[in-house]
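Everything on this sheet refers to the single structure shown next.
No value in this document is a laboratory result; all are computed from the given coordinates. Being a predicted model, the structure only gives us computed values, none of them experimental. Counting neighbours? That spans all protein chains shown, and the Cβs are built from the backbone with ideal geometry, glycine included.
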Amino acid sequence: MKRIISLSISLITFFLFAASPCLRAQAFLPTAFTPNGDGLNDILRIVGVNISSFNFTVCGENGLIIFSTTNINEGWEGLLPDGSMAPAGIYQAKWSAIIGGGTVLEDNQSIMLFVYGENGCIEESIADYYFESQLYGGGFDPSLPSSETFCDATSIEGDGAIAKLGIFPNPVVDQLRVYGLQQEHFTASILNSGGQLCKAISTSTSSIDVSDLGRGTYFLLIDNGKSEISLPFVK
């Protein structure tokens, strides 16, 4: 069995190459999120597959714990311990996970919580931050749109051919729904966490049948011929 371990400041990746191309063991944590309830990048969470043990903690600038969980299905929704919304700014996240055949991954990361202003956009710069919506294949791709709106026109990704998209529910059981589509008909692909094609889709409805997929992390890649966007989901 071939193993590849890749380390960086913003993510830790571990691949287990198995007989099935849709089986991978890996874990990622975005470095930015926007907990505004629009269904896009709302929750700061570990995205991974084949995780057997997990610990995730978020601390404020004073070092006090704001959020902690050992449930891989939970993430930080941007709330302080008293239930109020945390202010925009940098927070520290510490996490560890046991994946695959017992390999331990752990990391300490600086996380940016972005907040939309009254003008309907984010005033801070996106530079050096990665959102969950930019997770594709084996890591974060900064060329993918974050699906967020920034006040600085130079920071707004994409050409507008695809509007602000989202998917729900996430995690999904059988039916995945896409919202924010501007065109009546679209083509899409579902890729596994290793970037390999698992399913091709051509549909005029916003509902996609994923009942035939196994458990794991996937990416819905929507393409209208002019631009494309990748939306991660868990089954």
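Quick notes on this one:
- Segment 22-81, relative contact order [Cα under 8 Å, separation at least 6], %: 30
- Under the Debye formula (equal points on every Cα, no solvent term), log10 I(q)/I(0) of segment 57-120 at q = 0.24 Å⁻¹: -1.09
- Neighbour counts of C-beta atoms inside 10 Å place ILE167, ILE65 in the sequence ILE65, ILE167, starting with the fewest.
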